[in-house]
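Worksheet: the structure to be examined is printed underneath.
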Amino acid sequence: MVCWRFGHSGWRLPAMVGHILRLSHGMFLWGEKLTMLCPVKSHKENTCKSPPWQRALWVGLAGLTALRLVVAATLPLVPDEAYYALWATLPLQGGYYDHPFMVALWMKGGMTLLGPQPLGVRLAGPLGAWLASWALARAVGLSLPSCAPGQRAKAAFWVVMSLNATPGFSLAMLVMTPDVPLMVMTCLGLWALMGAWADPGRLWRWGLAGFMGGLAFDSKYTAALPWGGALANLLWQAWRHLTKRPPNSLQDVKVRPAPKGHVAAPQSALPALASAGVMAAAALLAAEPVLLWNARHGGVGLVKQFGRLGTAGWGWHYEVEFMAGQLALATPLLVLCWWRGFSVAQRHAQGKAGFQAMMWLVLPGLALFTFQALHSRVQPNWPLLLYPMLAWGAGWLALWGSAFWQRLMGWGVGLGLLGTVGIMALAWWPLPASWHVSAHWNVVARQSAGWDGLLLNVRPVQRCDLVVADYALAARLAWSARSLGVGGPFYSTDQRWKWLAGAKAVINAPSMVQSLHEWRPGKEPAPGQPNWPQGAVLVPRPYKEGFGQGEGSTEPKPAVRFYVLSPCQPFAQAFGAGQRLWRLPD
């Protein structure tokens, strides 16, 4: 047999909160029914009830989902969200310069239901976090077939809650980026993989696992890493059988009879090769739109993402940044507990197989990101797709770890949830002005506050057509113009717009233009200094109401950032004679 070795919105806030609470309560009841990992009989009546660990899991997830929905409805869009939201307002493409199409598809669905408001753009994030958690709980239950029902529920609780306690996962599922569909499809794919590992004779299970992997690839190209590891495991199994010593006697041959409708699973390479073929074919079928789009456009998306690999500019400082970023997104305590859980599983009789299987899924991505960090910066969110697999360590630690490590894990989950909720609470609770918190440290304000105010501050001093080189700033201003009903046009020189069907290449650039970019104090002159461009204006991006100022304060609101608006000048003088220009979708 094939042996797998492992295992604000326009709504009134009170009414909106009431709707969200009712939705969360319904999701709790539905999730509890669907996730009967280990139903137990009541002693007093012949009815089925869920184990305590399972009920605690869905109570916690219902509360987190309600909080995420409230924050998603009240927090203004961040620049990257506005960029992807512009994709969703146009006809869907098979791919884009930055990422595949899935994020645009999910945004389009949310905006179809709720309109182009923050909750409509982000609706798939909080709901996707719930779906991913449900699928992960199911996957954990399937991966521990030899454990008692209560143990499976306990392991699922700690795996799911440790994942939700990481700021990386919680914030990624709140802000609508390609990481949202990636995480959801990864967890659904893990559920399908666990089913295939538990019953390898059913080829349709391998096809489902491959199809989920293809959908994850439609979300972000890095999804190829764990699914590539799963395929490598199957091929390794086949190679082991091909190079195996022939049996000395008939007693050495073990043939397991398969139920009707199943593929026979003798000790040969054929089942492993068949499973790998079905899985790869299903993955290619799901990824076909992205692959065809790249084929028609010279592989621009694949080249951009995987073209970062190389050996130029070796330096250990990127490796330190990479590790520090992961400690910040996963919290040091949870990283330590995950590592300890893997170590415990590797030595435990019931966990050794699961440890080996998870290593096949985790090592390709871990090796690639570690190698890339030797010569270039790895963005902290890139390894997020590995978090659901790494969180398996929390389940193993809950089952076989010592009391000390289990208490430490409880503290890690509790502190992680507290910190994550605190960060999300900044979306609507103002910081006292007496704290004098810089926008550099207030991550919520830095990404979301004051974009409408920036546009309203730019318009009175704008004298020519506006050209914004940075794609994210250009997209956010264009989205604010849509929301406020302020006319454009907006132009950008970033080549990303070349691959967006709704962005029009400008043949004859405007004769006179103004540029806008973020001011960098210390690296650029300040107004009044000798090198300050004559006629340039320093435009503030103000805090939104509530940020950085107590209610009733007479102090002027501090700015999140300042931006330099250049004087009117010929386009060729400002950006170069050969620079191309695109007009953003209106």
Handout entry: Apportionment of accessible area to carbon and sulfur, the stretch 108-213, percent (1.4 Å)
Key = 71 percent
Practice task
State, to one decimal in nm, how far the label point of LEU92 lies from the label point of ALA328, with both points 7 Å from Cα in the Cβ direction.
Solution key: 3.5 nm
Problem - Calculated FRET value between LYS352 and THR112, using beta carbons and R₀ = 60 Å, to 0.05 - result: 0.80
Exercise for the section: Set the Förster distance to 51 Å, then compute FRET efficiency between ALA281 and ASP586 from the Cβ-Cβ distance, nearest 0.05. Expected result: 0.75
Exercise for the section: Quickly rank 568-578, 388-398, 229-239 as a protection proxy: mean count of other C-beta atoms within 10 Å, highest first. Expected result: 388-398, 229-239, 568-578
Problem - Under Karplus coefficients 6.51, -1.76 and 1.60, residue-wise ³J(HN,Hα) of the stretch 334-351 in Hz, glycine/proline x - result: 5, 4, 5, 5, 4, 4, 5, x, 5, 5, 5, 5, 5, 9, 8, 4, 7, x
Problem - ³J(HN,Hα) computed for each position of the stretch 382-390 - Karplus, 6.51 cos²θ - 1.76 cosθ + 1.60, integer Hz, glycine/proline x - result: 4, x, 4, 5, 7, 4, x, 6, 5
Completion exercise
So for the stretch 314-420, using the alpha carbon gyration tensor with a ≥ b ≥ c as root eigenvalues (a/c under 1.5 gives rounded; past that, a/b versus b/c decides prolate or oblate), I'd call it oblate
Completion exercise
Ordering 326-337, 66-77 by per-residue average of other C-beta atoms within 10 angstrom, highest first, gives 66-77, 326-337
Practice task
Convert each backbone phi in the stretch 99-112 into a coupling constant with the Karplus relation 6.51 cos²θ - 1.76 cosθ + 1.60 (shift: θ = phi - 60°), then list the ³J(HN,Hα) values in order as whole Hz, x for Gly and Pro.
Solution key: 8, x, 8, 4, 5, 5, 5, 5, 5, 4, x, x, 6, 5
Fill in the blank from the handout: Listed by chain and number, the residues whose amide H is under 5 Å from that of VAL513, excluding neighbours fewer than 5 places away on the same chain and using placed H, are GLN569, PHE571
Practice task
With a Förster radius of 35 Å, plug the Cβ-Cβ distance of VAL421 and LEU105 into 1/(1 + (r/R0)^6) and report the FRET value to the nearest 0.05.
Solution key: 0.75
Fill in the blank from the handout: Extension length gain for PHE306 and ASN508 (0.36 nm per residue less Cα distance), in nm, is 69.3 nm
Practice task
Give me the distance in nm between label points sitting 7 Å out from Cα along the Cα-to-Cβ direction at LEU270 and LEU456, one decimal.
Solution key: 7.3 nm
Practice task
Skip the ligands, DNA and RNA, and give the accessible area per residue of the stretch 48-196 with a 1.4 Å probe, whole Å².
Solution key: 23 Å²
Completion exercise
Most packed first (mean Cβ within 10 Å per residue), the peptides 283-291, 444-452 order as 444-452, 283-291
Problem - Approximate spin-label separation LEU538-ALA295, in nm, with each point projected 7 Å along Cα-to-Cβ - result: 5.5 nm
Handout entry: Segment GLN495-TRP239, length gained on full extension (0.36 nm per residue, minus Cα span)
Key = 87.6 nm
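The values are calculated or read from the model by the stated rules, or taken from the named source; none is laboratory data. It should be emphasised that the depicted structure is a prediction, and the values quoted were computed from it without experimental measurement. Note: ideal-geometry Cβ built from the backbone for every residue, glycine included; neighbour counts use all protein chains shown. We work out accessible area using only protein heavy atoms, side chains counted, and drop any ligands, DNA or RNA first. Shrake-Rupley method; radii C 1.70, N 1.55, O 1.52, S 1.80 Å.
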